[in-house]
Amino acid sequence: MTDLTIGKAINAGLRRAMENDPKVLVMGEDVGRLGGVFRVTDQLHKDFGAERVIDTPLAESGIVGTAIGLALRGYRPVCEIQFDGFFFPAANQTFTQLAKMRRRSAGTLSMPVVLRIPYGGGIGAVEHHSESPEAYFAHTAGLRVVTVANAVDAYWMIQQAITSDDPVVFLEPKRRYYEKAAVDTSASPESAEPMGAARIARPGTDATLIAYGPMVKTALQAAEADEDHSIEVIDLRSISPVDYDTVTASVRRTGRVVITHEAPVGNGVGAEIAARITEDCFYHLEAPVIRVGAFDTPYPQSRLEEHYLPDLDRVLDGVDRAFAY
């Protein structure tokens, strides 16, 4: 077992994938000699060379467009979009080409492209560096959308994403990059949880608290802080598709649900999950499904982000509202 941060675990997962398959390429702005702005690709350029770890121009549309061409030629490109808010110049390539190619070709063409995107707030960054765009991706059929909350998942899920023949949006919670966990890097890939499966991060009997990515830690803190109730915490891990079997089984046991994410509440991922829970578990619910997220405003200046992002108190308030019924 090795203690790794989330960032180092992704690096180790990328390294293992590149060692196992010479067709795996890493590309993006500053991913080579610099090792990425968060140093997630540190030393890969030195060890695998400039032909496999490629510093690209500052052009997200070009990065994704080139990756599509490489995938059609049999490569497995892993693209880093340097910050979440920088993705949108590549929206056309992602939504109209990358997500549609397998369907357009009736399954004869694969599209094994991974888009690595550091996302979310909490680092005191300037505008366009703290977005939570997961709902855009989740709404687009043809894309798999996953996110990690710990180093173990970071290590295994990046490898699983690379071996997928579908395009995967791999969202990395940047304010959690430096949190550590023990990772067994010598284990067999078959020992890892499937990429699309949700995880019961904490069992409980009185309410279900659903989170993903950066909010999983906050959800666990909320469950620990509520001494009056037994709160089950689910780490979704996969945003699209969602593991509804795990979610609905929990809801049928507990009868109360709170969903939290950093993104704004309106039209967020939590809204879709809440609707699905209401459809599938209506007669098991003891209260309405509660959503806790950011406000429906553009992301504020960094000095206000602690008020904008959902925190422990707001999650606990959501739990209290669920138990008020």
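The values are calculated or read from the model by the stated rules, or taken from the named source; none is laboratory data. Fair warning: this is a prediction, and the values are worked out from it, not measured in the lab. A quick note on method: Cβ atoms are made from the backbone with ideal geometry, for glycine too, and the neighbour counts reach across all protein chains shown. Protein only, heavy atoms only, side chains kept; ligands, DNA and RNA dropped before computing areas. Shrake-Rupley method; radii C 1.70, N 1.55, O 1.52, S 1.80 Å.
What is the one condition in (1) touching a helix residue (DSSP H, G or I) at 6+ places or on another chain (Cβ under 6 Å); (2) without any contact (Cβ under 8 Å) to a residue 40 or more places away in the chain that Phe282 does not satisfy?
Every listed condition holds for Phe282 apart from (1).
Does segment 147-167 contain at least one residue that is among the charged types (D, E, K, R), in contact with a His (Cβ under 9 Å, 6 or more places away or on another chain) and surrounded by 21 or more Cβ atoms within 10 Å (Cβ to Cβ)? First the steps, then the outcome.
Going residue by residue through segment 147-167, those that are among the charged types (D, E, K, R) are 153, 165-166.
Filter once more, keeping what is in contact with a His (Cβ under 9 Å, 6 or more places away or on another chain): none.
No, there is no match, as no residue in segment 147-167 is among the charged types (D, E, K, R), in contact with a His (Cβ under 9 Å, 6 or more places away or on another chain) and surrounded by 21 or more Cβ atoms within 10 Å (Cβ to Cβ).
Please determine, by comparing only the residues of segment 198-220 that are within 17 Å of Ile290 (Cβ to Cβ) and of a type in the set (S, T, N, Q), which one is nearest to the chain's Cα centre (by Cα).
My answer is Thr218.
With the structure loaded, tell me whether Val233 is among the β-branched types (Val, Ile, Thr), crowded, with 16+ Cβ neighbours inside 10 Å and farther than 19 Å from Ala198 by Cβ or whether it fails that test. Please lay out each step first, then the result.
Values: among the β-branched types (Val, Ile, Thr): yes; crowded, with 16+ Cβ neighbours inside 10 Å: yes; farther than 19 Å from Ala198 by Cβ: no.
Criteria not met by Val233.
Can you tell me which residue in segment 1-15 is farthest from the chain's Cα centre (by Cα), limited to those that are of a type outside the set (A, V, I, L, M, F, W, C) and part of a strand (DSSP E or B)? Steps first, answer last, please.
First, the residues of segment 1-15 that are of a type outside the set (A, V, I, L, M, F, W, C): 2-3, 5, 7-8, 11, 13, 15.
After this cut, where a residue has to be part of a strand (DSSP E or B) as well, the list is 2-3, 5.
Working: Thr2: 23, Asp3: 21, Thr5: 16 Å.
My answer is Thr2.
Looking at this structure, is Pro173 closer than 18 Å to Ser240 by Cβ, touching a helix residue (DSSP H, G or I) at 6+ places or on another chain (Cβ under 8 Å) and open to solvent by less than 10 Å² (accessible area, probe 1.4 Å)?
Numbers: closer than 18 Å to Ser240 by Cβ: yes; touching a helix residue (DSSP H, G or I) at 6+ places or on another chain (Cβ under 8 Å): yes; open to solvent by less than 10 Å² (accessible area, probe 1.4 Å): yes.
Yes: the conditions hold for Pro173.
Out of (1) open to solvent by 60 Å² or more (accessible area, probe 1.4 Å); (2) within 22 Å of Val247 (Cα to Cα); (3) modelled with pLDDT of 95 or more; (4) among the aromatic types (Phe, Trp, Tyr), what's the single condition that is false for Phe295?
Here Phe295 meets the rest and fails (2).
Based on this model, can you work out whether Ala287 counts as more than 19 Å from Met215 (Cβ to Cβ) and open to solvent by less than 20 Å² (accessible area, probe 1.4 Å)? Give the steps one after another, and end with the answer.
On the way: more than 19 Å from Met215 (Cβ to Cβ): yes; open to solvent by less than 20 Å² (accessible area, probe 1.4 Å): yes.
Spelling it out, Ala287 is indeed more than 19 Å from Met215 (Cβ to Cβ) and open to solvent by less than 20 Å² (accessible area, probe 1.4 Å).
Would you call Val251 buried (at least 21 other Cβ atoms within 10 Å of the Cβ), in contact (Cβ under 8 Å) with a residue 40 or more places away in the chain and touching a Cys at 6+ places or on another chain (Cβ under 9 Å)? So that I can check it myself, show each step before the final result.
Working: buried (at least 21 other Cβ atoms within 10 Å of the Cβ): yes; in contact (Cβ under 8 Å) with a residue 40 or more places away in the chain: yes; touching a Cys at 6+ places or on another chain (Cβ under 9 Å): yes.
For Val251, the condition - buried (at least 21 other Cβ atoms within 10 Å of the Cβ), in contact (Cβ under 8 Å) with a residue 40 or more places away in the chain and touching a Cys at 6+ places or on another chain (Cβ under 9 Å) - is met.
For segment 67-99, name all the residues that are under 12 Å from Val113 (Cα atoms) and either hydrophobic (A, V, I, L, M, F, W, C) or at pLDDT below 95 (or both).
Ala67, Ile68, Leu70, Ala71, Leu72, Val78, Cys79, Leu98, Ala99
May I ask you to say which residue of Gly28, Gly85, Gly32 is within 22 Å of His128 (Cβ to Cβ) and touching a strand residue (DSSP E or B) at 6+ places or on another chain (Cβ under 8 Å)?
Numbers: Gly85 fails: touching a strand residue (DSSP E or B) at 6+ places or on another chain (Cβ under 8 Å); Gly32 fails: within 22 Å of His128 (Cβ to Cβ).
None of the others qualify; the one that does is Gly28.
For Leu209, are the conditions met, namely being outside the structural domain of Thr41 (by TED's automatic domain parsing) and in a helix (DSSP H, G or I)? Give the steps one after another, and end with the answer.
Working: outside the structural domain of Thr41 (by TED's automatic domain parsing): yes; in a helix (DSSP H, G or I): no.
Considered against the rule, which asks whether it is outside the structural domain of Thr41 (by TED's automatic domain parsing) and in a helix (DSSP H, G or I), Leu209 comes out as no.
Does at least one position in segment 311-325 carry a residue that is under 21 Å from Phe137 (Cα atoms), buried (at least 16 other Cβ atoms within 10 Å of the Cβ) and either aliphatic (A, V, I, L, M) or not assigned by TED's automatic domain parsing to the domain that holds Pro167 (or both)?
Just the residues of segment 311-325 that are under 21 Å from Phe137 (Cα atoms), to begin with: none.
No, that holds for no residue.
Here is a list: Gly65, Gly107, Gly122. Which entry is touching a Leu at 6+ places or on another chain (Cβ under 8 Å), open to solvent by 20 Å² or more (accessible area, probe 1.4 Å) and either not assigned by TED's automatic domain parsing to the domain that holds Phe38 or not charged (D, E, K, R) (or both)?
Values: Gly65 fails: touching a Leu at 6+ places or on another chain (Cβ under 8 Å); Gly107 fails: touching a Leu at 6+ places or on another chain (Cβ under 8 Å).
Result: Gly122 is the single residue among Gly65, Gly107, Gly122 that is touching a Leu at 6+ places or on another chain (Cβ under 8 Å), open to solvent by 20 Å² or more (accessible area, probe 1.4 Å) and either not assigned by TED's automatic domain parsing to the domain that holds Phe38 or not charged (D, E, K, R) (or both).
Pick out the one residue from Ala182, Ala211, Ala207 that is open to solvent by 20 Å² or more (accessible area, probe 1.4 Å) and at pLDDT 95 or above. Let's see the steps before the verdict.
On the way: Ala211 fails: open to solvent by 20 Å² or more (accessible area, probe 1.4 Å); Ala207 fails: open to solvent by 20 Å² or more (accessible area, probe 1.4 Å).
Every option except Ala182 fails the conditions.
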